[in-house]
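Only one structure is covered here, and it is reproduced in the block below.
The values are calculated or read from the model by the stated rules, or taken from the named source; none is laboratory data. All of these numbers come straight from a predicted model, not from anything done at the bench. Note that we place each Cβ from the backbone using ideal geometry, even for glycine, and neighbour counts take in every protein chain shown. Protein only, heavy atoms only, side chains kept; ligands, DNA and RNA dropped before computing areas. Shrake-Rupley method; radii C 1.70, N 1.55, O 1.52, S 1.80 Å.
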Amino acid sequence: MLLLVFTGASVFSFIGFAVSELFLGIPLLSNPRLLDDMTNPEVVPAMRVMQVLLAIGMMIVPSVVYLWIASSWDELKKVFGNVNRQGVMLSVAFFMVAFPFVNFLAEWNASLEVPTVMGTWMESKESQAGQLTALFLDMPNVGLLLFNFLMIAVLPAVGEELIFRGIIQRGLTKHAVNPHLSIWIAAALFSAIHLQFFGFFPRLLMGVAMGYLFFWSGNLWYPIVAHFTNNAVSIILSFGIQHNHIQPQIETAGIDNGTVASFSLVFCMMLLYLFKQHQSLQKHKA
């Protein structure tokens, strides 16, 4: 899997450099040091292209090739089986309801103190990631809104769930690792790989939730839908706030309100319970 990921990263990075130079006029092939400052607005169009290509080349293509080599057709049919309306609705509702609790947990996570040397490095990575995200989410027109749905919502939802739930979590469970431990290991790797350490814990718990959606259903489409919902909500809120269609306060719901965050957590647990019960009923009927 690692060999496939590194190969895909190399090939699709070269394609991204070539596309940026030939079609966008950003000379990454002749001057790759332009990427030393990825938050430079002049480089952002190239970074968008690179983000899309790397999502395909580092996550989706390697995962599909790996699953094709390592799994039987019957296994793949189960992993990508048919979904039912109730399960999809519960998956979507969970990540919409989780928003205030995630905000509250993210604010707590950001306040944690870490040792000076490590903390300085983490802060620099967090700052760079935050600046790049802000540039990506600058959407003056509907075209960029639609492009962001592809770049930030669709491709990461498919690619990351293929790797972390479809391959890592499923692989650990198949090799006699306790399924609950497999869920937490996959979720921890999922959170760590983003290199945004001051958002590690909310992303960890989101990964755990998606892990249980997959564990209880055996169907990868549910965590993909949930993951897409989480990312798509952020895009829609950003676009709405920028164009004065949504009040900015909505984006920070739950950050400084423990009561709202607590209700959010309780409703999340209820929705997960309902999802588990619904999947058990579906399996019993089958």
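All of (1) at pLDDT 95 or above; (2) of a type in the set (Val, Ile, Thr); (3) farther than 17 Å from residue 63 by Cα; (4) open to solvent by less than 50 Å² (accessible area, probe 1.4 Å) hold for residue 177 with one exception: (1). Looking across 12, 104, one residue alone is within 29 Å of residue 237 (Cβ to Cβ) and either in a helix (DSSP H, G or I) or over 21 Å from the mean Cα position of the chain (by Cα) (or both). It is 104. Among the residues examined, residue 211 qualifies as under 16 Å from the mean Cα position of the chain (by Cα) and either buried (at least 20 other Cβ atoms within 10 Å of the Cβ) or modelled with pLDDT under 95 (or both). From the list 224, 183, exactly one residue is in contact with a helix residue (DSSP H, G or I) (Cβ under 7 Å, 6 or more places away or on another chain) and open to solvent by less than 10 Å² (accessible area, probe 1.4 Å). Which is it? It is 183. Every condition in (1) buried (at least 18 other Cβ atoms within 10 Å of the Cβ); (2) over 18 Å from residue 83 (Cβ atoms); (3) among the basic types (Lys, Arg) holds for residue 170 except the one numbered (2).
Taking the stretch 17-35 as the range and being crowded, with 16+ Cβ neighbours inside 10 Å and not in a helix (DSSP H, G or I) as the test, the residues that pass are 26, 28. Just wondering, is there one or more residues in the stretch 255-268 that are open to solvent by 30 Å² or more (accessible area, probe 1.4 Å) and closer than 16 Å to residue 91 by Cβ? Yes, because at least one residue in the stretch 255-268 is open to solvent by 30 Å² or more (accessible area, probe 1.4 Å) and closer than 16 Å to residue 91 by Cβ. Residues in the stretch 36-61 that are over 20 Å from residue 7 (Cβ atoms), of a type in the set (A, V, I, L, M) and open to solvent by less than 50 Å² (accessible area, probe 1.4 Å): 43, 44, 46, 47. Annotation note: Cβ proximity below 6 Å between a residue of the stretch 133-161 that is at pLDDT below 95 and a residue that is of a type in the set (Gly, Ala, Ser) (sequence gap 6+ or interchain) occurs for 137/238.
With respect to residue 95, determine if the residue is in contact with a Pro (Cβ under 8 Å, 6 or more places away or on another chain) and not in a loop (DSSP other than H, G, I, E, B). No.
Do we find that residue 191 is of a type outside the set (A, V, I, L, M, F, W, C), open to solvent by less than 30 Å² (accessible area, probe 1.4 Å), under 22 Å from residue 163 (Cα atoms) and within 21 Å of the chain's Cα centre (by Cα) in this structure? In short, yes.
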